[in-house]
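One structure below.
Every number in this text was worked out from the coordinates using simple rules, so none of it is lab data. Only a predicted model underlies this, so the values are computations on that prediction, with no experimental measurement involved. As a convention, Cβ positions derive from the backbone with ideal geometry for all residues, glycine included, and neighbour counts pool all protein chains shown.
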């Protein structure tokens, strides 16, 4: 596992991008999502066999690395939750700002997990 300074409090270090490391991190930051992780892993591996491509597995790893990055950092988790809750706000300006914020959070998250 690796960690990067400058993000404030982190619940766990950033895990390596392997199924076992991602599962271990998820067990700490969002254990209620473990069944979902297993289900999507099974689906990704089945598609990989069917398509004869590792793309579904790579996508699964990146998706879970992203979700764990958000969950392990309370600052990102709060921004993500707030933005998601306002996406369908009745005030169009609020909804537009929520979409901008969500895009920013996801961009920051993807940059972090790809570095």
Tilt relative to the chain, helix 55-72 - C-alpha long axis, 0 to 90 degrees, to 10: 50
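Translational D (Stokes-Einstein, µm²/s) of the chain at 20 °C and 1.002 mPa s when Rh comes from the Kirkwood sum over C-alpha pairs?
141
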Nearest 10, in degrees from 0 to 90: the angle of helix 92-114 to the longest Cα principal axis of the chain is 40
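Using 1/(1 + (r/R0)^6) with R0 = 30 angstrom and r between the beta carbons of residue 63 and residue 88, what's the FRET efficiency to the nearest 0.05? Mind dumping the intermediate values first?
Numbers: r = 23 Å, r/R0 = 0.76.
Efficiency at R0 = 30 Å is approximately 0.85.
How do the peptides 95-102, 72-79 rank, highest first, by the average count of neighbouring beta carbon atoms within 10 Å per residue? Write down the numbers at each step before the final one.
Numbers: 95-102: 14.8, 72-79: 17.6.
The packing order, highest mean first, is 72-79, 95-102.
Only helical DSSP H runs with n ≥ 4 go in: add -39500 (n - 2.57) per run for the chain, normalise by residue count and round the 222 nm mean residue ellipticity to 500 deg cm²/dmol. Don't skip to the end; give the middle numbers.
Details: 5 runs with 83 residues, N = 115.
The helix contribution divided over the chain gives -24000 deg cm²/dmol.
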Once you have a ≥ b ≥ c as the square roots of the Cα gyration tensor eigenvalues for region 32-72, tell me rounded if a/c is under 1.5, and otherwise prolate or oblate according to whether a/b is larger than b/c. oblate
Pairwise FRET efficiency - residue 27 versus residue 95, Cβ, R0 = 30 Å, nearest 0.05: 0.30
Taking 0.36 nm per residue of separation between residue 52 and residue 81 and subtracting their Cα-Cα distance, the length gained on full extension comes to 6.8 nm
Using only Cα atoms and rounding to the nearest 10 degrees, what angle (0 to 90) does helix 34-51 make with the longest principal axis of the chain? 60
In Å and on Cα atoms, what radius of gyration and Dmax does region 73-115 show? 11.0, 37
Work out the FRET efficiency for residue 17 and residue 104 from their Cβ-Cβ distance, taking R0 = 30 Å, and round it to the nearest 0.05. 0.85
